[in-house]
Amino acid sequence: MLFRYLDRIIVTDLQEDTRSIFVGNTWFAVEEGDGKVERVLPVATDEQLTRFKTLFSSRTSRDFRDGHLWYSVIGRPVHSTFTRVERISCCLSLLLCTMVANIMFFGKGETYHRPPPLDIMGFQVQLSISWAEVIIGIESALLVFPVNLLIVQIFRHCAPRSPREQRRVGSGGRGSKKARGCLLPWWFIVFAWFLVLGSCAASAFFTILYGFEYGPDKAEAWLLTFLTSFFFDILITQPIKIILIGLFIALVVKTPDAGLDYVPPTPLQDDEEHLNPFMQVVTFSSCSSN
């Protein structure tokens, strides 16, 4: 059976150029919540849209699907100008930069001393990695995060190049381009790709250069340290970034969120008109599970 959780409904009147938001935040299923499948939703007021709970939940839900670098490769919003190819390229750049950051901490040479065995309930357990190396993994993840964040923001805020793409994302003018988050001219995309390719090439070169000198023990410790950095970024750095942004929006900015799937209607050109003068655009934001 299909269970449907409704986040919100956005109704856009194209004739009056007005927008109404209906906040649901409830289940439409017999087996979930209060069991109701029919509800009457009033138009949300500004006070309701700027409540901490509404702002924080909508913003964090949006950013986990779009702002979490690793998960967004799969859950990328349809209308996002930040493509999956660009997201995967940023992931590759982050991985290689993390590798070289870890290997710089280990230094050259094959000399490596294994940590002393741990005494666990009378048993001597030999670990391949020490707490100091776990800290190195965490430091490496934090060290490369700002560089990766810069590349991601350039990709995310570049305007489309062709007029057709600009109309598709609703960039009918300077103001609407800012509303879509396109704050940079299109040619900044070249700079972003230069950073991605340059960081990947440099990181791969130094990783191979240093790695050839490592013995098996040191290589194993370096690999475990790199995996520590990798999972720390997925499970700690990215979620904390999303939560902090959500708290800042909910407590300081307090700007109503239009929702993840809301796309402003494309402005009419001089030779165009609506076929239906009473036409409205309705956007649903919901989650479903089987």
* Scan segment 31-51 and give yes if some residue there is hydroxyl-bearing (S, T, Y), in a helix (DSSP H, G or I) and within 19 Å of I245 (Cα to Cα), otherwise no. => no
* Asked: Within segment 210-226, which residues are surrounded by 14 or more Cβ atoms within 10 Å (Cβ to Cβ) and free of Cβ contacts under 8 Å to residues at least 60 places away in the same chain?
  -> A219, L223
* Structure fact -> Per the filter on segment 1-18, residues assigned to a strand (DSSP E or B) and touching a residue at least 24 places away in the same chain (Cβ under 8 Å) are F3, R4, Y5, L6, D7, R8, I9, I10, V11, T12, D13
* What residue, among those in segment 140-179 that are assigned to a loop (DSSP other than H, G, I, E, B) and either surrounded by fewer than 19 Cβ atoms within 10 Å (Cβ to Cβ) or in contact with a strand residue (DSSP E or B) (Cβ under 8 Å, 6 or more places away or on another chain) (or both), is modelled with the highest pLDDT? -> H157
* Asked: Scanning for something loosely packed, with under 14 Cβ neighbours inside 10 Å and at pLDDT below 85, does segment 195-209 turn up at least one residue?
  -> no
* To do: Give the residues of segment 227-248 that are under 11 Å from T98 (Cα atoms) and surrounded by fewer than 17 Cβ atoms within 10 Å (Cβ to Cβ), sorted by residue number.
  => L227
* **Failed criterion for R39 (all others in (1) under 26 Å from V252 (Cβ atoms); (2) without any contact (Cβ under 8 Å) to a residue 60 or more places away in the chain; (3) not polar (S, T, N, Q) hold)** => (1)
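The values are calculated or read from the model by the stated rules, or taken from the named source; none is laboratory data. Because the structure is a prediction, the values reported are computed rather than measured. With ideal geometry, Cβ positions are generated from the backbone for all residues, glycine too; neighbour counts draw on all protein chains shown.
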